[in-house]
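*Asks:* Quick one: this structure, given as structure tokens, is what I'll be asking you about.
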Amino acid sequence: MKWPIVIMLAAHLPVAAAWAQPGRDEAQSPPNFILMVADNAGYGDIGPFGSQVHRTPNLDRMAAEGRTFTHFYASAGVCTPSRASFMTGCYAQRVGLAEPEPDGIVLRPVSPNGLHPDEITIAEVLKARGYATTIIGKWHLGDQPPFLPTRQGFDAYFGVPYSDDMTADRRPPGQWPPLPLMLDEQVIEAPVDRNELTRRETERALAFIETNRNRPFFLYLPHAMPGSTRAPFASEAFRGKSKNGPWGDAIEELDWALGQILDKLRELELEEQTLVIWTSDNGAPTTGKPGDPSRGSNEPLFGAGYTTAEGGFRLPTIFWWPGRIPGRTTCDEMATAMDLMPTFALLAGAGPPDDRVIDGKDIRPLLFAEPGARSPHEVFYYYRGDQLQAVRSGPWKLFVPLAKPRRHPHHRGPGPSPPLLFNVVEDTGSERNLADRHPEIVERLEQLAEQGRAELGDVDRPGAGQRPAGRYENPTPRVKAPSS
């Protein structure tokens, strides 16, 4: 139940109410948070991480003024479980959204499943501290009423409830509705024009910042692009303008969107009060053809999105907070999307929930480049759905041996997969299997893997720390109500 954390935070509400008053006092105020998450953008898709085909001047500027994280991880190689971790600070296996039946590894339209209403989201923690909260973009944590963002701590919602490729024509007639654009809990357009999504999301984000300039705010901006289709969408100003087809057009429009946000913060003199993060939800779903970046690039990492390869999990990530985060700096320590929830909570003066296990850690020392700061994670787990495939500790990543691997990024063909050990700091492309040379490291990581199975589960093995997904019987499609 949620009541323990609500009671704990209630003591702070009078202070929070004071923050909401006009004439905000910068010396007393907590920071604003803007979390921008691209859909399926790859590690090598932006200039600060090596792209030579996409023009990203605003991301370049953000990196010059901020701090790039080169070992920042999603908790999953696909969107629903990854986004569950952004919101809850937990592995998707813990909150029941790793591979719920009948969906598979991501939620489908009209699913009975969603993020359980008893889970505590980052928006709920911040809202209890007096923050204005909104989500603009792709949700993908349940499209039925109990699972919508407005029931999960957000004051408002504008966007699509799941992936942009989940359209009516992908299933037999009547099974999926036309792709809906939602405002709060109502469908306002169906199908939505996907070419205009990035532009409209950005315009709404700018209006939200303007409206809430005198109070602390949390803007969650999970753009729907570049998305899951083989030909992403972009507005007329960007369509056909990049050197990399529709994927490049979409990336360059996302860069434009970031520039609009940073410029607005400067215009309103909010830049020193606002932490902005730009990242992705998982790696790009590359085609696998050498030299073909038409569906994004994860270079120099190995492998594609939707897998447990480094290219599927490691995200292009930049933190920006002028006056607090040192510019032109890089963090090579391991951090995760799960860390945002507890870190935001602590920066806001609240602290993370204390009535449940939260897998994320406080990464403020990494954020502010404190001398000697190290990753707070002893271990990190790579799951493909409910199958534990790999574990990382320090620079070492072990793919555990599996009798029946599921879409293993390094093992092709039938039969069991062997143990594979990579130093993912020195061996960027995961090319050298060192399992035979370091049996003691293999043994240590296998012990950590067993601890993960005991807590988070594995195929046909429940974990002691798992909590259920939300369930809504008799789900109905999100469709636009007929005009009166």
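*Asks:* Could you tell me which of the residues THR211, THR133 is within 21 Å of MET36 (Cβ to Cβ) and touching an Asp or Glu at 6+ places or on another chain (Cβ under 6 Å)? If you could, list the steps in order and put the result at the bottom.
*Replies:* On the way: THR211 fails: touching an Asp or Glu at 6+ places or on another chain (Cβ under 6 Å).
Exactly one residue qualifies, and that residue is THR133.
*Asks:* Cβ-Cβ below 9 Å, separation at least six or inter-chain, first residue in the range 183-196 and on the phi > 0 side of the Ramachandran plot, second part of a strand (DSSP E or B): which pairs?
*Replies:* ASP184/ALA156; ASP184/TYR157; ASP184/PHE158
*Asks:* Scan the range 390-416 and report the pairs whose first residue is assigned by TED's automatic domain parsing to the domain that holds ASP427 and of a type in the set (Ser, Thr, Tyr) and whose second residue is outside any strand (DSSP E or B) and surrounded by fewer than 21 Cβ atoms within 10 Å (Cβ to Cβ), with Cβ atoms within less than 7 Å and a gap of 6+ or a chain change.
*Replies:* These pairs meet every condition: SER393/GLU378; SER393/VAL379; SER393/LEU448.
*Asks:* Next up: Checking THR330 against (1) crowded, with 16+ Cβ neighbours inside 10 Å; (2) of a type in the set (Ser, Thr, Tyr); (3) assigned by TED's automatic domain parsing to the domain that holds GLU269, only one condition comes out false. Which one?
*Replies:* Evaluating THR330 over (1) crowded, with 16+ Cβ neighbours inside 10 Å; (2) of a type in the set (Ser, Thr, Tyr); (3) assigned by TED's automatic domain parsing to the domain that holds GLU269 leaves (1) as the failure.
*Asks:* I'd like the full set of residues that are part of a loop (DSSP other than H, G, I, E, B) and buried (at least 24 other Cβ atoms within 10 Å of the Cβ), limited to the range 28-43. Quick ask: steps written out before the conclusion?
*Replies:* Here is the first cut: in the range 28-43, the residues part of a loop (DSSP other than H, G, I, E, B) are 28-31, 40-43.
Passing the criteria: ASN40, ALA41, GLY42, TYR43.
*Asks:* Another question, then. All but one of (1) over 18 Å from PHE208 (Cβ atoms); (2) aliphatic (A, V, I, L, M); (3) outside any helix (DSSP H, G or I) hold for ILE135; which doesn't?
*Replies:* Exception for ILE135: condition (1).
*Asks:* If you go through the range 232-260 one residue at a time, how many are touching a residue at least 12 places away in the same chain (Cβ under 8 Å), not acidic (Asp, Glu) and not in a helix (DSSP H, G or I)?
*Replies:* At the first step, the residues of the range 232-260 found to be touching a residue at least 12 places away in the same chain (Cβ under 8 Å) are 232-239, 242-260.
Then keep just the ones that are not acidic (Asp, Glu); that gives 232-235, 237-239, 242-248, 250-251, 254, 256-260.
Those left that are additionally not in a helix (DSSP H, G or I): 232-235, 237-239, 242-244.
Residues meeting the conditions: 10.
*Asks:* Could you pull out the residue among GLN389, GLN466 that is in a loop (DSSP other than H, G, I, E, B) and surrounded by 16 or more Cβ atoms within 10 Å (Cβ to Cβ)?
*Replies:* On the way: GLN389 fails: in a loop (DSSP other than H, G, I, E, B).
Step by step, each of GLN389, GLN466 is checked, and only GLN466 is in a loop (DSSP other than H, G, I, E, B) and surrounded by 16 or more Cβ atoms within 10 Å (Cβ to Cβ).
*Asks:* Looking at the range 201-229, I want the residues that are farther than 28 Å from ASP45 by Cα and touching a residue at least 24 places away in the same chain (Cβ under 8 Å) and have a partner that is surrounded by 24 or more Cβ atoms within 10 Å (Cβ to Cβ) and of a type in the set (D, E, K, R) with Cβ atoms under 7 Å, at least 6 apart or on another chain. Which pairs are those?
*Replies:* none
Residues checked against (1) modelled with pLDDT of 95 or more; (2) within 20 Å of the chain's Cα centre (by Cα):
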site	(1), (2)
TYR162	yes, yes
ARG171	no, no
GLY174	no, no
LEU181	yes, no
VAL192	yes, no
GLU196	yes, no
GLU201	yes, yes
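*Asks:* Specify which of the listed residues (ALA350, ALA369, ALA337) is under 18 Å from the mean Cα position of the chain (by Cα) and in contact (Cβ under 8 Å) with a residue 60 or more places away in the chain.
*Replies:* Values: ALA350 fails: under 18 Å from the mean Cα position of the chain (by Cα); ALA369 fails: under 18 Å from the mean Cα position of the chain (by Cα).
ALA337 is the lone residue from the list that is under 18 Å from the mean Cα position of the chain (by Cα) and in contact (Cβ under 8 Å) with a residue 60 or more places away in the chain.
*Asks:* From the list VAL379, VAL459, which one is touching a helix residue (DSSP H, G or I) at 6+ places or on another chain (Cβ under 7 Å), closer than 21 Å to VAL78 by Cα and not acidic (Asp, Glu)? Don't jump to the end; show me each part of the working.
*Replies:* Details: VAL459 fails: touching a helix residue (DSSP H, G or I) at 6+ places or on another chain (Cβ under 7 Å).
After ruling out the rest, the residue left standing is VAL379.
This table checks each residue for (1) closer than 23 Å to GLY311 by Cβ; (2) touching a Ser or Thr at 6+ places or on another chain (Cβ under 8 Å); (3) assigned by TED's automatic domain parsing to the domain that holds GLY89; (4) assigned to a helix (DSSP H, G or I).
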{"position": "THR428", "(1), (2), (3), (4)": "yes, no, no, no"}
{"position": "ARG432", "(1), (2), (3), (4)": "yes, no, no, no"}
{"position": "GLU440", "(1), (2), (3), (4)": "no, no, no, yes"}
{"position": "LEU448", "(1), (2), (3), (4)": "yes, yes, no, yes"}
{"position": "GLN451", "(1), (2), (3), (4)": "no, no, no, yes"}
{"position": "PRO477", "(1), (2), (3), (4)": "no, no, no, no"}
{"position": "SER483", "(1), (2), (3), (4)": "no, no, no, no"}
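*Asks:* Still on this structure: Pull out all pairs, ordered by first then second residue, where Cβ-Cβ is under 7 Å, the residues are six or more apart or on different chains, the first lies in the range 45-74 and is without any contact (Cβ under 8 Å) to a residue 40 or more places away in the chain, and the second is of a type in the set (Val, Ile, Thr) and buried (at least 20 other Cβ atoms within 10 Å of the Cβ).
*Replies:* Final answer for the pair search is GLY47/THR56.
*Asks:* Any residue in the range 311-322 that's of a type in the set (A, V, I, L, M) and surrounded by 24 or more Cβ atoms within 10 Å (Cβ to Cβ): show its pairings with residues that are assigned to a strand (DSSP E or B) and modelled with pLDDT of 95 or more at Cβ separation under 6 Å, as long as the two are six or more apart or on different chains.
*Replies:* LEU315/PHE72; LEU315/THR279; LEU315/SER280; ILE318/THR68; ILE318/TRP278
*Asks:* Looking at (1) at pLDDT below 95; (2) in a strand (DSSP E or B), which is the only condition LEU421 fails?
*Replies:* Checking LEU421 against (1) at pLDDT below 95; (2) in a strand (DSSP E or B), the one that fails is (1).
*Asks:* Any residue in the range 128-143 that is free of Cβ contacts under 8 Å to residues at least 60 places away in the same chain and of a type in the set (Asp, Glu)? Write out each step before concluding.
*Replies:* Going through the range 128-143, the residues free of Cβ contacts under 8 Å to residues at least 60 places away in the same chain turn out to be none.
Within the range 128-143, not a single residue is free of Cβ contacts under 8 Å to residues at least 60 places away in the same chain and of a type in the set (Asp, Glu).
*Asks:* For LEU221, state whether it is outside any strand (DSSP E or B), not charged (D, E, K, R) and not assigned by TED's automatic domain parsing to the domain that holds VAL424.
*Replies:* Working: outside any strand (DSSP E or B): no; not charged (D, E, K, R): yes; not assigned by TED's automatic domain parsing to the domain that holds VAL424: yes.
Judged against the criteria, LEU221 is not a match.
*Asks:* Tell me the strands (runs of 3 or more DSSP E) entirely within the range 261-364 that contain at least 1 residues that are closer than 22 Å to ALA38 by Cα and touching a Lys or Arg at 6+ places or on another chain (Cβ under 7 Å). Lay out the reasoning, then the answer.
*Replies:* Numbers: elements: 274-280, 314-320, 329-331.
Those strands (runs of 3 or more DSSP E) span 314-320, 329-331.
The values are calculated or read from the model by the stated rules, or taken from the named source; none is laboratory data. Computed from a predicted model, the values in this text were never measured in an experiment. Virtual Cβ from ideal backbone geometry, glycine too; neighbours counted across all protein chains shown.
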